[in-house]
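Taking it in order: structure first as structure tokens, then the write-up.
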Amino acid sequence: MDVEALYNQYFHDILLFLQSLSGDASLAEELTQETFFKALRSVNQFRGDCDVRVWLCQIAKNLWLTHCKRQNRYTGEEVPETHADTGVSVEEHLADAEQAMAIHRILHGMKEPQKEVFSLRVFGELSFRQIGDLFGKTESWARVTFHRAKLMIIDALQEESK
């Protein structure tokens, strides 16, 4: 496997993924560089049983979680069940820049794994299957987790508009 070709092909994707998680461009760039460094060191361990992008995102996610643990930002607490879907499309809200900023603020305050699953789906444009693979869970788990995150965001947006 040619690591330079991987770097050229996936650098931007991994950078955007990490920016969506961190909200910090310089931290995302640093973690992206570290992701490819780790990939270079462990390229012989890649079994090929998943997409290369998924493998790189998993490395990036682990680096991000390590960073968060060092910063005492990650608590590991589960988010409680939310209300029923109101039919409001979160994707539609992202089109409006002001709403997008509100969604980013809400997302920043969310707990894992909903925060990351939502980011992977909306900003990283990963399929539910890829997200499930990243977490070592099923595609259905990824769908349910995304749905719960979406409901949390909708509820928070409705609270802000009151």
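Every number in this text was worked out from the coordinates using simple rules, so none of it is lab data. Quick caveat: nothing in here was measured; it's all calculated off a predicted structure. Glycine gets a Cβ as well: all are built from the backbone with ideal geometry, and neighbour counts include every protein chain shown.
Data overview
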read-out	value
Sorted by Cβ neighbour density within 10 Å, fewest at the top, the residues L27, L15, L21	L27, L15, L21
Spin-label model distance (nm) - Q71 vs A5, 7 Å beyond Cα toward Cβ	3.5 nm
Proximal lysines relative to K61, as straight alpha-carbon distance under 22 Å, when same-chain residues fewer than 8 apart are discounted	K38, K69, K111, K115, K137, K150
Stretch gain in nm, segment C50-F37, where the contour uses 0.36 nm per residue and the Cα spacing is subtracted	2.7 nm
Ranked H147, H12, criterion: other C-beta atoms within 10 Å, fewest first	H12, H147
Residue-by-residue Karplus 3J(HN,Hα) for the stretch 45-50, coefficients 6.51, -1.76, 1.60, Hz, glycine and proline x	8, 5, 8, x, 8, 8
Contour excess over end-to-end distance, with Cα ends at E139 and R105 and 0.36 nm allotted per residue	9.5 nm
Exposure proxy order (Cβ contacts within 10 Å, fewest to most) of D51, D133	D51, D133
